[in-house]
Each structure stands twice: as structure tokens, then as C-alpha cells.
1. Mind listing the long-range amide H neighbours of Y232? Cut-off is under 5 Å, sequence gap 5 or more, other chains count too, H placed in the peptide plane at 1.01 Å from N.
2. Residues of the range 148-188 with the amide nitrogen closer than 17 Å to a label point 7 Å from the Cα of T98, along Cα-to-Cβ, please.
3. Quick check on the range 65-176: take the gyration tensor over C-alpha atoms, sort the square-rooted eigenvalues as a ≥ b ≥ c, and tell me if it's rounded (a/c under 1.5), prolate or oblate.
4. I need the calculated FRET efficiency for the pair D225 and A170, taking r as the beta carbon distance and R₀ as 41 Å, to the nearest 0.05.
5. Using per-residue counts of other Cβ atoms within 10 Å, averaged over each peptide, order 49-55, 170-176 from highest down.
6. When the label point is put 7 Å from the Cα of S122 along its Cα-to-beta-carbon vector, which residues of the range 162-181 have a backbone N closer than 14 Å?
7. Pop a pseudo-label 7 angstrom from the Cα along the beta-carbon direction at both H50 and Q188 and give the gap in nm to one decimal.
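Bear in mind these aren't lab numbers, they're just calculated from the coordinates by the rules spelled out. Keep in mind that this is a model prediction, so the values were computed, not measured. Note that we place each Cβ from the backbone using ideal geometry, even for glycine, and neighbour counts take in every protein chain shown.
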Amino acid sequence: MRFSCLARISLATACSALPMGTFARTAPKAIPVSDSPSTIVVIDAGHGGHDRGGIPGQRVAEKTMTLDVAKRLEAILNAKGYRTVMTRSSDVFVPLPTRVAIANAYRNAIFVCIHFNSARRSGANGIETYFYSSPSLPLASAIHYYVSRAAPSSNRGVRRRGYYVLRRTAVPSVLVECGFLTNPTEAQYAQSVNYRQMLAEQIARGIRSRSLVTSRTGSTVTSTDAVPLQPYIDQTRVRDPDISGHRRHRARKSSRSKRTASIHRKKRVTRAED
Ligand SMILES: [Zn+2]
């Protein structure tokens, strides 16, 4: 049911039109508050505990970086009057179904997952933002617009993918990949407090301005405050060879679902995700 809506607005092309800046010289401009702070923002710091994130041998622990950005985002949103809920606030392992259950416990919520990327190819780099359901696209567009514009990294675009935490949540949900910790340059950025603060500020800015997202497919952008709807790459049927860590977003399947998985293997191959 969601797919027909998405098809109408999908440009299915890489997002390369956005200007790049650097986090050092891009000062966030004042923007009108377009969103009701009554919205509950469930902040999901990826990984934690025994789940370090990333790939084996990765020097910078993803779980540490995600938690730091999540806490910064929490502080920024609280200062703006938002109510926030953290799926974790310390270095603990939280199963994906628990994270989803936390998000689904609130009707008027949005769910923001914070991750950093990894790949065996050290040259892989850039910022990408994932969503799955069509109501999540404006949120993904707004967050990606601001983060990719401010980060001194390449723009890998908005992508549609059926990650468990995106597919199983009943509220608008996005997953931001804030750069590759396996890329020497981006790993260096990530270890900078200023960079992590910038990420949190831009994610917050996207959350606040998500209702300003306008479609490029209709008339032109109507206001200087408007955020252009980002074209997206639909990866629900294909995998990106650069990304090696798909398993990290998977939920452990029950024995029952494993049995049904074998029955539906053919379908799962084409649907690909989690
Ligand atoms: Zn991750």
C-alpha cells in the first residue's frame, strides 16, 4: 500500500545537487520553528554493549560515536522544548525489537536512529539517510538536507531500505549514517567534538523543519524556508556493495520466522531486506 505513493514521488536518482559546506564554516541560520514541540522524538543510538557496530577490526567504535551524537541531539531538542526518549543512554545492548517497541509506544512520535557507516573499502565515504515508509520521507529529506549540506563529506543521498528498525516502526522513522568510520578522513571528523555537535544540531534542524519539505515534482519551492524533497535511491531490491555492515541492523529471527523464511526464500531474495 505504501509503494504506490512512493512511486509517484520517487526520482530514483542519486542526490548530487546539494551544495557542500564544511562543518567549520557552516553556521546554522535561524529558522522558523515549524514543528510542534509536543512531538516526542525517540532517539536511537545505534549498537551498544557487546555490539560495537561497524566491521571487525574497526578502530573507532561506532557505538561510542552514536551515543555521543544521540546525547547531544537530546540536549538540543530538550532545550527547544521537545520531549525526547532515548532507546539507550549508556553503553548497553538494546535488541532491535525493544528499540522498535519503545518507538511504537508513543502515538505522536518520530524515531531517529543514529549510525555511522563502515565498509571494507577505506575510500568509501559520505553521508546517507535511510527511510522506509512514505510518511518518513519528509523527515528523511529534511534531516539529510541539513546534515549533508553541513558535513564536509560527499552526499550519498537519501535511500529507501527495509531495515528492521524502519520497517517495524509505526511512526515516521529514519536512520542517519553520519559518515564512514572506516574512512580515515571521516573517522577523524567523527572523533571531533565539534563535528559531532554539528551533526546533532543539523539533525535537530531537520526534525524541526520537516514539515517545510516541499515536493520538487510540483511547482517550484514556494518559500525561502522550504526544504526541497530529496530524490532517493530505492535499495529495497538491491544492495550497495560499498556497505558491508547490513547485518548490524537486522533483528535476530525467531525459529518460526526462520522456518517461514525458507518457504519464502524466493520472495526474500528480491525484497532483500532484514
Ligand atoms: Zn550502525
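1. Close amide H contacts, sequence-distant or interchain: L11, A12, T13.
2. 165
3. Since a/c stays below 1.5, the shape of the range 65-176 is classed as rounded.
4. It comes to 0.90.
5. 170-176, 49-55
6. Those under the cut-off are 181.
7. Result: 3.6 nm between the two label points.
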